[in-house]
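Colleague: Structure below; questions to follow.
The values are calculated or read from the model by the stated rules, or taken from the named source; none is laboratory data. Given the structure is predicted, the values throughout are model-derived calculations rather than measurements. Cβ atoms come from the backbone with ideal geometry, glycine included; neighbour counts cover every protein chain shown. Only protein heavy atoms, including side chains, enter the accessible area calculation; ligands, DNA and RNA are left aside. Shrake-Rupley method; radii C 1.70, N 1.55, O 1.52, S 1.80 Å.
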Amino acid sequence: SISRLLYLLQQETSSAELRTECAVVLGSLAMGTENNVKSLLDCHIIPALLQGLLSPDLKFIEACLRCLRTIFISPVTPEDLLYTDATVISHLMALLSRSRYTQEYICQIFSHCCKGPDHQTILFNHGAVQNIAHLLVSTSYKVRMQALKCFSVLAFENPQVSMTLVNVSVDGELLPQIFVKMLQRDKPIEMQLTSAKCLTSMCRAGAIRTDDSCIILKTLPCLVRMCSKERLLEERVEGAETLAYLIETDVELQRIASITDHLIVMLADYFKYPSSVSAITDIKRLDHDLKHAHELRQAAFKLYASLGANDEDIRKKIIETENMMDRIVNGLSESSIKVRLAAVRCLHSLSRSVQQLRTSFQDHAVWKPLMKVLQNAPNEILVVASSTLCNLLLEFSPSKEPILESGAIELLCSLTQSENLALRVNGIWALMNMAFQAEQKIKSDILRGLSTEQLFQLLSDSDVNVLMKTLGLLRNLLSTRPHIDHIMSTHGKQIMQAVTLILEGEHNIEVKEQTLCILANIADGTTAKELIMTNDDILQKIKYYMSHSNAKLQLAAMFCISNLIWNEEEGSQERQDKLRDMGIVDILHKLSQSSDPNLCDK
């Protein structure tokens, strides 16, 4: 029957009325199950309907558009089907002027089919902004609403579109002002939310300043309102997610949001769904609650993560909210990957607080579920979880000990071998934190876990961040004399090779400075010193850097010298003689005349 309808729809000889009726019936079929839509797609309904848009008959065009709209709204329809033929978009733009129905359906098709930057660019280049802007003041609510939705998907994470929207005006009024009018309390919730999303995207793209009154006095309060108990569950999810995005990188907005309408307490309610079953008489509502429960938790975690990103007092307030740490810990083991990711993000945000690492994190043994999350998780979770682990391994964190006992070294060493750059950085960073002021056994375990091959691999990594963290790790391993001597007695040859490698390579000042500081640490060892004194190549390099044009490198090189020549240490006389023969004293004379007070002093 579908193929018969499609046949009649495509027959030029059929009357306009018959073809329109066929489009209406096909549209009704499309409103049925997903299988209906699949059958229609298999019969190539989309090309047939797009062809129909070329007809001169407006009623037939509207029927084709309504059917296309219904099909594109379905989750089983691939959005790309709209973009296979470039002339389609131009033709749809041209049809926008025909009637309020063409306007409503075409905007709805665009907002459903615009997924990601490629689609945004195609629509933008076809003049979507100019063609849709005037529809925001249409007399039809449905047209205004669909046009607004279009702008919210076009501008999402898209600086080009956002920067354009700021300067577009309709009937002498700029778009941001029109959006602000649309988020007033007397407007329908859907309209308030969508215009808040438009303003949020424009703000995040830098098109509107974060301290602009339309953000502080209008957008932010509107989104906080969306989080309240009066709103539907889906509105609360969207409100919290949008607010999390708006304030994510701005500490001032985080502070304002945290004291608006008791937001922090209000979000605690997001964890109370589905409500206790005994009270639910309506099975449908239970089903609805269950469906949205994990979305609510995900949204709350995201918003808490944004709120606590920078401010210590806000983090304290979040953690003091009822059962908050338990909720995060439960979130870490939820079946939904999205909830797990949001919970880890929230934990990461709170782990930036020294105070909380020492108290709540300790009381709730947060490291246990965190270590569990790190076992075979997907990369996006691993990146955030390993960042959190870095914070839990800082020297003042009481979790450091138990984490070590639970196999962290092995786990982190394996991260340093990841293809994913962020994971390599976090793995080596966490090891660096772990090695800071650690006992000798831990340091030896780290070196054993990493292997010399892997250490060299990291020192020749193309990313400067990995290199700096690896040098930081070496510097932390080579601190306190007995440790320096012990490590250099087992790994001295390789470490000296690594140092030579870097001092000879094309590296920036920071990298070379860090490397010279490692040498200075080695020079501070009792037996380790000899590895420098018997290595003429290294001594020449130290001499070279004493006369370098950069004062930081000169200072670092002088630290090496001063650690080699302490009078009260055994063998100091021979070392001094050797350095004197090398011409080091002459350089020191010259440096004592330096205009730089630090160099002069040293």
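Colleague: Specify which residue in the list Ala268, Pro482, Val354 is farthest towards the positive end of the charge dipole of the chain, using unit charges on the beta carbon of Lys, Arg (+1) and Asp, Glu (-1), about the Cα centre.
Modeller: It is Ala268.
Colleague: For the ranges 518-529, 154-165, what's the packing order if you count other beta-carbon atoms within 10 Å of each residue, average per peptide, and put the highest first?
Modeller: Details: 518-529: 22.1, 154-165: 20.1.
Top to bottom by mean Cβ count within 10 Å: 518-529, 154-165.
Colleague: Under 8 Å for C-alpha pairs, at least 6 residues apart: give me the relative contact order for the chain, rounded to a whole percent. Walk me through the intermediate numbers first.
Modeller: Working: 770 pairs, mean separation 30.8, N = 602.
Answer for the chain is 5 percent.
Colleague: What is the extension gain from Asp596 to Ser547, computed as 0.36 nm multiplied by their sequence separation minus the C-alpha to C-alpha distance, in nm to one decimal?
Modeller: On the way: separation 49, 0.36 × 49 = 17.64 nm, distance 1.33 nm.
Working it through step by step, the gained length comes to 16.3 nm.
Colleague: Right, here's the next one. Treating only the Cβ of Lys, Arg, Asp and Glu as charged (+1, +1, -1, -1), what charge dipole size does region 482-601 show about its Cα centre? Round to the nearest 20 debye. Working shown, then result.
Modeller: Numbers: 10 positive and 18 negative charges, 45 e Å.
Roughly 220 debye for region 482-601.
Colleague: Can you give me the C-alpha center-to-center distance between region 374-437 and region 222-237, rounded to a whole angstrom?
Modeller: With region 374-437 and region 222-237 each reduced to a Cα centre, they are spaced 37 Å.
Colleague: Amide H of Glu248 versus every other amide H placed in the peptide plane: which residues, excluding those fewer than 5 positions away on the same chain, fall under 5 Å?
Modeller: For Glu248, whose amide H was placed from the backbone, there are no distant partners under 5 Å.
Colleague: Sticking with this structure for a sec: Given a 1.4 Å probe and heavy atoms of the protein chains only, how would you sort Glu453, Glu252, largest accessible area at the top? Could the numbers behind the result be given before it?
Modeller: On the way: Glu453 135, Glu252 95 Å².
The ordering from most to least exposed comes out as Glu453, Glu252.
Colleague: Measure nothing but the geometry: give the 0 to 90° angle between the long axis through the Cα atoms of 337-350 and the longest principal axis through the Cα atoms of the chain, rounded to 10°.
Modeller: Long axis of 337-350 versus the principal axis of the chain: about 50 degrees.
Colleague: Around Thr526, which amide H atoms from residues at least 5 apart in sequence, or from another chain, sit under 5 Å from its own amide H, with H modelled in the peptide plane?
Modeller: HN-HN under 5 Å from Thr526: Asp485.
Colleague: In whole percent, how big is the carbon plus sulfur part of the accessible area of the chain, probe 1.4 Å, protein atoms only?
Modeller: Numbers: 14110 of 27350 Å².
Using a 1.4 Å probe with all protein chains present, the chain comes out at 52 percent carbon and sulfur.
Colleague: Please state the Cα pair-distance histogram of region 201-277 with 5 angstrom bins from zero: what percent is in each bin?
Modeller: 3, 15, 28, 24, 15, 9, 4, 2, 1, 0
Colleague: Hey, any idea what Rg/Rh is for region 15-158, computing Rh the Kirkwood way over Cα pairs?
Modeller: Values: Rg = 14.4 Å, Rh = 15.3 Å.
Ratio of gyration radius to Kirkwood radius for region 15-158: 0.95.
Colleague: To continue, here is another question. Determine the calculated [θ] at 222 nm for the chain from helices alone, applying -39500 (n - 2.57) to every DSSP H run no shorter than 4 residues and normalising by the residue count; nearest 500 deg cm²/dmol.
Modeller: Theoretical 222 nm ellipticity from helices: -21000 deg cm²/dmol.
Colleague: Could you sort Asp485, Asp289, Asp596 by their accessible area in this structure, using a 1.4 Å probe and putting the largest first? Please list the in-between numbers first.
Modeller: Values: Asp485 25, Asp289 5, Asp596 45 Å².
Heavy-atom accessible area, descending, gives Asp596, Asp485, Asp289.
Colleague: From the phi of every residue in region 70-80, what ³J(HN,Hα) in whole Hz does the Karplus formula 6.51 cos²θ - 1.76 cosθ + 1.60 yield, where θ is phi - 60° and glycine or proline is x?
Modeller: Rounded to whole hertz, the list is 4, 5, 5, 5, 5, x, 7, 8, x, 4, 4.
Colleague: Also, quick follow-up: How big is the Cα convex hull of region 436-538 in projection, averaged over all directions, in nm²? Write down the numbers at each step before the final one.
Modeller: Working: hull surface 23.6 nm².
Computing the convex hull of the Cα atoms and averaging its projections yields 5.9 nm².
Colleague: Quick one: if you stick a label point 7 Å off each Cα along the C-beta vector at Gln417 and Ile442, how many nm between them?
Modeller: Between Gln417 and Ile442, the label points sit 2.4 nm apart.
Colleague: Calculate how steeply helix 481-504 sits against the longest principal axis of the alpha-carbon atoms of the chain, using the helix alpha-carbon long axis, and give the answer as 0 to 90 degrees to the nearest 10.
Modeller: Around 70 degrees separate the two axes.
Colleague: Dividing the convex hull volume of the Cα atoms of region 482-601 by its residue count, what figure in Å³ per residue is obtained?
Modeller: Convex hull of Cα atoms, per residue: 101 Å³.
Colleague: Reported to two decimal places, what Rg/Rh ratio describes region 533-602 when computed on Cα atoms with Rh from the Kirkwood expression?
Modeller: Rg/Rh for region 533-602 comes to 0.96.
Colleague: Please list 3J(HN,Hα) in residue order for region 25-39, calculated via the Karplus relation 6.51 cos²θ - 1.76 cosθ + 1.60 where θ = phi - 60°; whole Hz, with x for glycine and proline.
Modeller: Values per residue, Gly and Pro as x: 5, 4, x, 5, 4, 5, 7, x, 7, 5, 4, 4, 5, 4, 4 Hz.
Colleague: Oh, and also: Order these peptides, 474-481, 296-303, 183-190, 95-102, by their mean beta-carbon neighbour count within 10 angstrom, highest first. Write out the running numbers ahead of the final one.
Modeller: Numbers: 474-481: 20.4, 296-303: 26.1, 183-190: 13.4, 95-102: 16.5.
Top of the packing list down: 296-303, 474-481, 95-102, 183-190.
Colleague: Then there's this: Considering Cα pairs under 8 angstrom that are at least six residues apart, work out the relative contact order of region 482-601 and quote it in whole percent.
Modeller: 22 percent.
Colleague: How are the Cα pair distances of the chain distributed, in percent, across 20 Å bins from 0?
Modeller: Reading the bins upward from 0: 17, 35, 30, 15, 4, 0.
Colleague: Viscosity 1.002 mPa s, temperature 20 °C: Stokes-Einstein D of region 180-332 from its Kirkwood Cα radius, in µm² per second? Don't skip to the answer; put the middle values down first.
Modeller: Values: Rh = 15.9 Å.
Diffusion coefficient, whole number: 135 µm²/s.
Colleague: Right, something else. Helix 189-204 versus the longest principal axis of the chain: what is the Cα-based angle in degrees, 0 to 90, to the nearest 10?
Modeller: So the inclination is approximately 40 degrees.
Colleague: May I ask for the distance between the Cα centers of region 290-318 and region 445-514, given as a whole number of Å?
Modeller: So the two Cα centres are separated by 39 Å.
Colleague: Under the Karplus relation 6.51 cos²θ - 1.76 cosθ + 1.60, θ = phi - 60°, what is the ordered set of whole-Hz ³J(HN,Hα) values for region 247-262, x standing for Gly and Pro?
Modeller: 9, 3, 10, 10, 5, 5, 5, 4, 5, 5, 4, 5, 10, 9, 6, 6
Colleague: A further question on this structure: Calculate the dipole size of the chain relative to its Cα centre from +1 charges on Lys and Arg beta carbons and -1 charges on Asp and Glu beta carbons; express the result in debye to the nearest 20. Show your work: numbers first, answer last.
Modeller: Details: 60 positive and 70 negative charges, 276 e Å.
Roughly 1320 debye for the chain.
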